[in-house]
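**Student:** Dropping the structure in here first, questions after.
None of the figures in this text is laboratory data; all of them are computed from the coordinates on show. Values in this document were obtained by computation on a predicted structure and should not be read as measured data. Here the Cβ is made from the backbone with ideal geometry for all residues, glycine too, and neighbour counts use every protein chain on show.
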Amino acid sequence: MTQDISFKDKVVIITGAGGGLGKQYALRFAERGAKVVVNDLGGSLSGSGNSTKAADVVVEEIKSKGGTAVSNYDNVVTNAEGILKTAVDNFGTVHVLINNAGILKDASFKKMTEKQFTDVLDVHLNGSFRLTKACWPYFKKQNYGRIIMTASPAGLYGNFGQANYSAAKLALVGFGETLAKEGYKNNIKVNAIAPLAKSRMTETIMPPDILERLLPQKISPLVLFLTSDQCPTTGSIYEVAAGLFAQIRWERSGGLYLRPDNTLTPEAILNRFKDISDFTKPGVQHPVQLNDYNQVWTVTSKLPSNDQGNTKIDSLKGKVVIITGAGAGLGRSHALLFAKYGAKVVVNDFKDPETVVNEIRSAGGTAIGSKHDVFSEAGQIVKTAIDNFGTVDVLVNNAGILRDRSFSKMTNSEWQQVIQIHLLGTFRMCKLVWPIFLEKGSGYIINTTSTSGIYGNFGQANYAAAKAGILALTRTLAIEGKKAHIICNAIAPHAETAMTRTIFKDSELNKFSPSQVSPTVVLLASEELGGVTGELYEVGAGWIGNTRWQRAKGAISHDKEIPVEFVRDNWTDVVDYSKSVTIRSAQESTMAILDSVGGGEEEDDDGEEEDEEDVEDEVDNSQSAEVYDYDHRRVILYNISIGATAKELKYVYESDENFQVIPSFGVIPFMNQEDGGLNFDNLLRNYSPLNLLHGEHYLKINKFPIPTAAEVTTKSFPIAVVDKSKGNKHNVLMRAGYETYDTKTKELLFTNVGSYFIRKCETKDGKSHAYRSEGSAFVTNSFDAPTERRPDLVATFKTDENLAVLYRLNGDFNPLHIDPSFAEGANFKKPILHGLCFFGISAKILLDNFGPFDEAKMRFTQAVYPGETIQVRAWKQGSTIIFQTLVLERNVVVIDKAAVRLLDHSKSKL
């Protein structure tokens with residue numbers, strides 16, 4: 001029998017252990033014999049104030065159960081050494097360090113102050129550096145150490161309003177990956193977790209029903225296993241929440257190979273840009289270090305000259321481009337190429353910008369020098385652009401320094417200098433141009449990260465942390481800037497420069513020119529590329545690859561109390577990528593986690609009650625669809641959620657002789673259940689639900705009167721996929737069908753057809769396909785509102801502020817319609833109504849004024865916020881009612897090109 005995991009005589013330091021995750025860790029470590037240092041400043045969520053109570057309460061709880069613990073109240077930023085001293089004075093050493101302390105100071109980037117940025121950076125990143133640095137000699141001397149870095153989904157993917165938090169959290173990942181490499185020979189294992197759990201930090205931004213599934217005690221098993229003697233891994237990252245334990249890793253595309261000569265141009269890259277992010281081609285890697293650029297060179301150097309395609313990059317003519325660190329190396333190369341494409345270039349360098357300025361001018365270009373430090377004089381750089389050219393259109397953050405040294409020998413000053421120049425310098429420059437870009441309604445930012453930040457690198461703990469932080473900052477800015485057409489991307493270049501020359505072997509010198517990187521940078525700043533944003537590209541030697549996150553299938557437990565041994569015994573599932581998922585946003589991560597853990601304990605309980613005959617039936621019918629039951633209760637709920645009132649008994653009272661289902665109810669069954677016959681991933685390449693827009697919808701009611709109670713099943717299927725790609729903009733129009741049948745009578749009750757516009761993807765073979773006929777001509781008709789006459793009906797309905805909350809009970813569990821943080825991340829000022837909700841309101845108005853209908857078609861054009869006033873305008877043309885739906889407060893059309901077909905137009909009320 002495998003022995004239980006023990007921490008007997010192990011000394012564990014946990015920062016921020018007065019509550020939430022830290023408290024749970026402390027209790028669990030103590031239960032298994034550890035001597036625990038419970039550190040907590042006792043401050044507020046924003047970091048203000050302090051109190052000894054938080055730590056003392058946890059220590060007393062541990063002692064009351066027979067455990068060993070001591071309190072510490074030091075600030076991890078100002079006295080990390082004091083935390084270690086408490087461990088050494090009381091227990092003689094330290095074996096495990098959990099860097100868990102954190103604060104939040106959320107604000108949109110537009111409103112975020114530098115103090116909010118640096119305060120969060122100090123606690124999360126700099127505090128972790130100082131405490132880890134203090135503990136490192138003890139780990140090395142005893143040839144044993146375990147460290148957990150606490151990252152976050154916001155750090156991995158970026159998140160609206162959390163530029164500071166995102167940067168700090170991914171910086172910890174780069175820091176941890178480097179320490180894993182440096183500590184390997186001394187049995188020091190360093191891993192990072194990205195937990196999602198109920199805490200002071202999350203309970204203000206997540207709905208209660210989700211929080212109840214995200215209990216902090218469900219994070220502890222992974223943390224304890226990763227810090228135990230039996231830990232099998234180092235330098236890895238894990239997402240953990242609600243009983244899901246899953247490793248995540250980097251996935252790098254096979255990428256685009258081009259000859260690295262003078263035909264390597266932005267046009268040549270644009271011509272084959274889709275190849276860069278094609279993860280279906282051979283050559284996909286799951287790396288822990290930079291690409292083998294020597295091997296890349298052997299391939300690219302033998303290729304023929306590059307095809308320039310048919311699109312010329314003209315959009316940069318007259319644009320104002322700031323390039324930091326442009327006096328030499330990569331920055332110089334970028335500056336020369338931007339100028340060649342007609343841009344007005346601000347050449348920034350704290351030593352000598354004028355040499356490059358003169359090069360540009362002698363070639364007939366336009367440039368001005370800015371001899372300023374990117375950290376201490378960032379404002380002067382932007383001022384130079386404004387004073388000389390009147391604006392800024394593009395910012396390339398390229399300036400950097402190296403202060404490489406093993407972690408054992410790295411000084412606080414060396415750490416701070418690199419963080420300041422790279423991460424804070426990038427923040428300051430972005431912050432300065434942001435209001436300019438917002439006012440213009442456009443802008444481009446290209447930030448320079450590094451493979452050291454992505455994968456970690458020995459001797460570069462400072463550089464890796466800073467560069468990883470820049471990547472997360474970039475992704476957050478891409479999210480926040482999207483609505484204002486501010487495009488933000490990151491590159492990880494591989495090139496020989498004065499700064500990097502020392503890391504190249506003699507055989508590699510004069511091979512990897514900066515000119516092999518610059519065409520990608522210029523392309524990312526061009527309008528011709530078509531708005532690609534939030535991406536990470538590794539670039540060098542004529543090769544460009546796209547790098548993203550991939551999550552393993554993971555191990556799942558629905559138990560309320562999950563033992564540490566569960567993680568150990570199911571480790572193969574934790575790291576199993578046979579059924580991996582690709583995650584690109586914090587919201588997508590949350591939904592994927594909740595989808596993975598499913599119904600939790602209730603599902604398990606139901607399974608235990610099945611007898612053998614039930615199990616056999618389940619196996620025999622494993623391919624059959626599930627069912628959706630509805631009765632008068634669900635009908636009444638739906639009718640109320642689209643405007644029915646207590647005065648309308650036929651809609652709200654089941655005993656009324658005219659009790660009825662409003663026809664638009666036909667959209668509800670397929671929202672709740674379908675057989676899985678429609679699989680977007682099987683039909684499309686690079687599909688992401690976050691890029692899906694529900695453009696049009698068609699509903700057919702096949703049976704009247706609609707049953708007020710039924711057990712139904714819905715079959716789903718593709719109707720057509722239309723490739724809408726233009727140049728390098730890849731989009732697809734998908735028509736999907738849903739047929740809802742009464743399981744008892746086998747009658748077809750409802751037919752739905754959704755038209756979905758899906759961005760950033762394409763069909764598997766790049767061609768359009770029709771799988772079955774569209775059916776009724778009503779599906780494909782476009783109903784334009786008449787302009788030659790007044791509407792036959794104008795009716796208004798004031799929606800309630802809480803309508804989205806009510807409507808979701810019909811089966812709408814999209815957090816965009818309830819969670820303010822999700823809505824903000826999607827660039828909405830607050831949660832919006834489901835499109836089918838305000839269609840239902842429109843349908844009821846039409847039903848009340850014209851009578852029942854059996855077909856409806858509409859196009860959604862704008863969002864509706866709960867509390868807004870909806871106006872329906874309708875024109876009767878025979879049996880067809882053409883209508884538009886507007887929001888009066890904003891005077892926008894939200895449903896257009898819409899119509900219903902009356903059952904018996906001769907009896908129409910109007």
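**Student:** Within region 845-870, name every residue whose backbone N is under 13 Å away from a label modeled 7 Å from Cα of Ser776 along the Cβ vector.
**Tutor:** 852-858
**Student:** Here's a follow-up. Simple spin-label model, 7 Å along Cα-to-Cβ: Asp848 to Asp631 in nm?
**Tutor:** Going from the Asp848 label point to the Asp631 one covers 2.9 nm.
**Student:** Here's a follow-up. Count charges around Lys351 for me, please; just the other residues with Cβ under 14 Å from its Cβ, Lys/Arg as +1, Asp/Glu as -1.
**Tutor:** Overall, the nearby charge balance is -3.
**Student:** Further question: Can you work out the Karplus-derived ³J(HN,Hα) for every residue in region 411-422? Use 6.51 cos²θ - 1.76 cosθ + 1.60 with θ = phi - 60°, whole Hz, and x for glycine or proline.
**Tutor:** Running phi through 6.51 cos²θ - 1.76 cosθ + 1.60 with θ = phi - 60° gives 8, 4, 5, 5, 4, 5, 4, 5, 4, 5, 5, 7 Hz.
**Student:** Next question. Taking H as built 1.01 Å from N, whose amide H comes closer than 5 Å to the amide H of Phe750, not counting residues under 5 places away?
**Tutor:** Asn702, Thr740
**Student:** Against the longest alpha carbon principal axis of the chain, how many degrees, from 0 to 90 and to the nearest 10, is the axis of helix 378-389 turned?
**Tutor:** 70
**Student:** Which peptide among 242-248, 114-120, 435-441 comes first, and what is the full order, when sorted by highest mean count of other Cβ atoms within 10 Å?
**Tutor:** Ranking, from highest mean packing down: 242-248, 114-120, 435-441.
**Student:** If Lys and Arg each add +1 and Asp and Glu each add -1, what is the summed charge of the other residues whose beta carbon sits under 14 Å from the beta carbon of Lys703?
**Tutor:** Value of the local net charge: -2.
**Student:** Can you list the HN-Hα couplings for region 879-891, worked out from phi with the Karplus curve (6.51, -1.76, 1.60; θ = phi - 60°), rounded to whole Hz and with x for Gly and Pro?
**Tutor:** Couplings: 8, 9, 10, 7, 9, 10, 10, 10, 9, 5, 4, 10, 6 Hz.
**Student:** Report, in deg cm²/dmol and to the nearest 500, the calculated mean residue ellipticity at 222 nm for the chain, where each DSSP H run with n ≥ 4 adds -39500 (n - 2.57) and the sum is divided by the residue count.
**Tutor:** After summing the helix terms and dividing by residue count, I get -9000 deg cm²/dmol.
**Student:** Work out, step by step, the length gained on full extension between Glu654 and Thr113: first 0.36 nm times the residue separation, then minus their alpha carbon distance; give nm to one decimal.
**Tutor:** Gain in length upon complete extension: 189.0 nm.
**Student:** Report the net charge of residues surrounding Gly456, where surrounding means a beta-carbon distance below 14 angstrom and charges are Lys +1, Arg +1, Asp -1, Glu -1.
**Tutor:** Local net charge: +1.
**Student:** Along region 299-309, what does the Karplus equation 6.51 cos²θ - 1.76 cosθ + 1.60 (θ = phi - 60°) give for ³J(HN,Hα), rounded to whole Hz, x for Gly and Pro?
**Tutor:** Going residue by residue, I get 7, 5, 5, 9, 6, x, 4, 7, 5, 8, x Hz, with x marking Gly and Pro.
**Student:** Using only Cα atoms and rounding to the nearest 10 degrees, what angle (0 to 90) does helix 835-850 make with the longest principal axis of the chain?
**Tutor:** The angle comes out near 20 degrees.
**Student:** Looking at the chain, what % of its DSSP beta bridges pair antiparallel, to the nearest 5?
**Tutor:** Once the DSSP bridges in the chain are tallied, antiparallel ones form about 65 percent.
**Student:** While we're looking at this one, here's another question. Taking a 22 Å limit on the Cα-Cα distance, which of the listed pairs Lys431/Lys483; Lys317/Lys724; Lys111/Lys440; Lys35/Lys65 fall beyond it?
**Tutor:** Exceeds cut-off: Lys317/Lys724.
**Student:** Do the alpha carbons of any pairs in Lys274/Lys371; Lys169/Lys829; Lys115/Lys482; Lys274/Lys857; Lys767/Lys857 sit beyond 31 Å of each other, and which pairs?
**Tutor:** Beyond 31 Å: Lys274/Lys371; Lys274/Lys857.
**Student:** Could you pull out every residue, at least 5 positions away or on a different chain, whose amide H is within less than 5 Å of the one on Leu793? Hs are placed 1.01 Å off N in the peptide plane, and Pro or chain starts have none.
**Tutor:** For Leu793, whose amide H was placed from the backbone, the distant partners under 5 Å are Ala874.
**Student:** Next question, about the same structure. Under 16 Å Cα to Cα from Lys302, which lysines show up? Leave out anything in the same chain fewer than 8 places away.
**Tutor:** Lys511
**Student:** Which angle between 0 and 90 degrees, to the nearest 10, do you get for helix 20-31 versus the longest principal axis of the chain when only C-alpha atoms count?
**Tutor:** 70
**Student:** What percent do you get for the relative contact order of region 252-546 when only Cα pairs under 8 Å and 6+ apart count?
**Tutor:** Across region 252-546, relative contact order equals 22 percent.
**Student:** Taking R0 as 22 Å, what's the FRET efficiency between Gln230 and Lys185 from their Cβ-Cβ distance, rounded to 0.05?
**Tutor:** It comes out at approximately 0.70.
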